[in-house]
Amino acid sequence: MALDEDKNGSKGNEVDGRIDEPVDDVPLYTKKRIMVPLIAFFALVVVAMVYWYCTIAGTVYTDDAYVDGDRVVISSKYAGRISELLVDEGDAVKQKQVLVKLDDSDLNAQEKLAKASLELAKVNLAKNEDDYRRATAQFNQNVITKEQFDHAKRSLEASQAEVASASAQLGVIQTQLKNIIITSPIDGVVAKKWAMSGDVVQVAQPVFTVYDLDHLWITANLEETKYEHVKLNDTVYVYLDTYKDTKFTGKVIELGANTASEFSLIPPNNASGNFTKVTQRIPIKISVDLNAIKNRPGSMKLLPGMSAEVRLRLK
């Protein structure tokens with residue numbers, strides 16, 4: 001190995017007839033230890049930018065979302081003791097299916113009494129109708145006085161009123177007998193049981209909560225600062241916490257008419273002296289293709305209350 005000197009006075013090592021240039025004179029792009037990581041870094045940057053442009057740019061994201069749906073609270077229109085619960089939590093029910101029966105012993109006794117009162121009123125009516133016919137004939141023949149005729153007429157009218165009152169009373173009791181048999185107004189699934197057999201329920205006290213699982217949607221609460229460009233029919237990607245690896249597609253079907261805080265237990269009062277500004281959230285409704293979910297293999301299904309994350313693709 002010999003030491004040579006080039007025209008510029010730099011020195012290099014000659015190996016097998018080739019001159020090994022000093023490190024400072026080697027072009028940067030020929031240094032693999034530097035170029036490979038650098039190229040990889042720039043590739044990652046490009047991939048990240050493409051991913052950001054395709055999935056994040058022009059979108060709005062929130063994790064304040066959940067599965068929602070139509071629900072009906074099954075309650076009683078009549079105060080009484082529960083004699084029988086015919087379904088339980090998790091049971092599927094059909095419209096007009098009997099869910100609850102209340103004790104009917106008191107109402108049955110009242111019905112018998114009302115029927116007896118009605119029959120008595122009808123007997124009195126028949127008697128007074130006969131009296132009125134005779135009084136009419138006698139009055140026309142000047143056999144009785146005008147006062148006696150008017151008395152017979154008023155007795156007939158009172159009997160007619162008694163029959164109407166007794167009939168209405170019987171109708172009220174029979175309606176109550178129908179009301180103690182509580183049916184489901186919709187097809188759905190019993191989500192919650194609020195009372196037990198033997199409990200005494202009051203008027204409007206919940207007994208069951210039934211959800212219609214064929215009409216579900218996603219309710220997402222967007223920050224008001226992200227709400228400006230949201231429009232109906234915007235495409236939405238939905239990710240459920242239950243099915244992390246599955247992306248559901250939906251559309252915006254309803255825009256909120258108020259912020260969620262307006263219906264909170266204690267709405268904000270901006271007139272107070274210690275007011276602190278808080279970003280409000282506005283709810284929107286997002287449709288979900290339930291048929292696509294039902295056609296998927298396995299037992300995948302949506303249930304009310306499931307947590308979700310949504311990303312809206314703004315137009």
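Out of the residues in the stretch 104-124 that are touching a helix residue (DSSP H, G or I) at 6+ places or on another chain (Cβ under 7 Å) and farther than 15 Å from Ala168 by Cβ, which is surrounded by the most Cβ atoms within 10 Å (Cβ to Cβ)?
Leu107
Taking the stretch 96-143 as the search range and keeping residues that are of a type in the set (D, E, K, R) and not in a helix (DSSP H, G or I), which one is nearest to the chain's Cα centre (by Cα)?
Of everything passing the filter in the stretch 96-143, Lys96 is nearest to the chain's Cα centre (by Cα).
Consider the stretch 157-206. How many of its residues are farther than 30 Å from Gly69 by Cβ and of a type in the set (A, V, I, L, M, F, W, C)?
First, pick out the residues of the stretch 157-206 that are farther than 30 Å from Gly69 by Cβ: 157-177, 198, 200.
With of a type in the set (A, V, I, L, M, F, W, C) added as a condition, the list becomes 158, 161, 163-164, 166, 168, 170, 172-173, 177, 200.
Here the count works out to 11.
Okay, residues lined up against (1) out of contact with any Lys or Arg (no Cβ under 9 Å at 6 or more places or on another chain); (2) under 17 Å from Leu216 (Cα atoms); (3) aliphatic (A, V, I, L, M); (4) modelled with pLDDT of 85 or more:
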site	(1), (2), (3), (4)
Glu262	yes, no, no, no
Pro267	yes, no, no, no
Leu303	yes, yes, yes, yes
Arg311	yes, no, no, yes
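The values are calculated or read from the model by the stated rules, or taken from the named source; none is laboratory data. Computed from a predicted structure; not experimentally measured. Note that we place each Cβ from the backbone using ideal geometry, even for glycine, and neighbour counts take in every protein chain shown.
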